[in-house]
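The values are calculated or read from the model by the stated rules, or taken from the named source; none is laboratory data. This is a predicted model, so every value here is computed, not measured. No Cβ is skipped: glycine too gets one built from the backbone with ideal geometry, and neighbour counts run over all protein chains shown. Each accessible area value is taken on the protein alone, full model and side chains, heavy atoms only, with ligands, DNA and RNA left out. Shrake-Rupley method; radii C 1.70, N 1.55, O 1.52, S 1.80 Å.
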Amino acid sequence: MAAKPSKRKDESESAINDVGLTYSSNPKTHFFYEYGEECAVDPLRLTEDGIFLWHEQMLNISERDISHLWRFASELLGNRHDASVYSHVEWLRYEITLGVIVPENWDRRRPYPYKWMLVSAIYFQEARRLCEEGSVDRAWHITAMAYYHLGMNTNPSLTQSASRAATSRHAKANMKLRALVHGILDVVRDKGLARNIKQAKEKIIEFVRKDDVGMDILEEFNASTPKGARHNKDNSNIDRLENLLD
């Protein structure tokens, strides 16, 4: 019997659809090393599979061609020098992280968004070299670092995307509520219905209570507000509005 989808997952996918985020229908590549049974895995195989994933992710980045990063990483590795307390690859990672090293065709005044792809390419190529030389002990560490930095530049997770979608929905609901309140204040001012801030607040609440559209806007805003940010225990829409007006 199939498991019933969780309500949270349904809400997350709905939130993503609301802001028009799309995901490729093509499945990403997965490698199963122990699909049949427990077994040892050759470090070179881990490295080569990671290199495949690197190039797959490079092709998934549609907004810019970053294929040159693989060649750039090779050039950086080729210019070896003493880096004091660091190994050469760790020194390169440090320089790239700080923005000292960026591709020549990038405007240095802007942060380079694909730095982790570059760092990952450096580690994967270093791991391949170590495996070919038989330096397996160090290759495990370098390979792990390569996968880690590759993950830093992969597509956003469902949770991250749902969070951004929820923030976007709340911002839109906030603007609607602000427009509603400003519209009511214009009427209150033009008709001289309030002499002070307290009376103006009371008139706003009175107008919203009597207006179905106003109550819908208030409900939309309240629903989009994270529970931790709500100011009243009972989560009453009118109480929420009163707190905002205060």
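Sorted from longest to shortest, the spans of the Cα atoms of region 32-86 along the three principal axes equal 43, 37, 16 Å.
The listed residues MET215, MET58, MET152, MET117, once ranked by accessible area (1.4 Å probe) with the largest placed first, stand as MET152, MET215, MET58, MET117. Report the GluC sites (Glu not before Pro) located in region 30-71 that are in a DSSP loop and have at most 12 other Cβ atoms inside 10 Å of their Cβ, or state none. Hits after loop and neighbour filter: GLU34, GLU37, GLU38, GLU63. Extension gain, GLU63 to ARG108, is 14.3 nm, computed as 0.36 nm per intervening residue step minus the present C-alpha separation.
What number comes out for the charge environment of PHE52, summing +1 per Lys or Arg and -1 per Asp or Glu over other residues with Cβ under 13 Å away? Taking every Cβ under 13 Å from that of PHE52, the sum is 0. For region 116-156, the spherically averaged projection of the C-alpha convex hull amounts to 2.4 nm².
Among the trypsin sites (Lys or Arg not before Pro) in region 173-211, those placed in a DSSP loop whose Cβ has at most 10 other Cβ atoms within 10 Å are LYS191, ARG195.
Of the residues SER74, SER62, ranked by 1.4 Å probe accessible area with the largest first, the sequence reads SER62, SER74.
By accessible area, using a 1.4 Å probe on protein heavy atoms only, region 95-152 has 54% of its surface on carbon and sulfur.
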